């Protein structure tokens, strides 16, 4: 009886370990982050996405940029080839053509990893990973004036993409394109470093 108990325990342990061997990579398709201190005096923030190459094909980072009033200001989709990297400036590419005409100083960036070039109709496909630098203003002052800005870098947060959120982002982007006609600017790979 004791041998049977030990055998079952070993079998259960082997199944737990073996289950991890069959696990696939992260299949996230929706990512979020913030931007702040998007002003002339501050350094520029950067958003970077890589295509992990798992699909073997091109993917698009469908960007949806919001201001701090939760209003979409810009959208676009930037292509990333397998094993490629895309680097976008928050100041000069992602917030350059706001629909309101006023460049937002802070807000939210949402990205759908998509197999479609059209941000008004994204087709979620796993394979992108994103990182962003964040510009922090120091509250302390030095004897020479305000302390300089500092930067941090973090991965985009994996987020839950519901059918309603996907439809809303596509619709907002569609109306943005009708009203402004100016998507955010995408820099070609290998030309943005």
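The values are calculated or read from the model by the stated rules, or taken from the named source; none is laboratory data. From a predicted model like this one, the values you see are computed outputs, not experimental measurements. Because the Cβ atoms are built from the backbone with ideal geometry, glycine has one as well, and the counts that use them run over all protein chains shown.
Residues are listed down the side, and each one gets a yes or a no for (1) at pLDDT 95 or above; (2) in a loop (DSSP other than H, G, I, E, B):
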| position | (1), (2) |
| --- | --- |
| 113 | yes, no |
| 120 | yes, yes |
| 130 | yes, no |
| 135 | no, no |
| 152 | no, no |
Residue 91, sole failed condition from (1) in contact with a strand residue (DSSP E or B) (Cβ under 7 Å, 6 or more places away or on another chain); (2) surrounded by 16 or more Cβ atoms within 10 Å (Cβ to Cβ): (1)
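Yes/no per residue for (1) over 15 Å from the mean Cα position of the chain (by Cα); (2) within 22 Å of residue 176 (Cα to Cα); (3) without any contact (Cβ under 8 Å) to a residue 40 or more places away in the chain:
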position	(1), (2), (3)
48	no, no, no
54	yes, no, no
60	no, yes, no
71	yes, yes, yes
83	yes, no, yes
Close pairs from the range 178-193: first closer than 9 Å to residue 87 by Cα, partner part of a loop (DSSP other than H, G, I, E, B) and modelled with pLDDT of 65 or more, Cβ under 7 Å, at least 6 apart: 189/81; 189/84
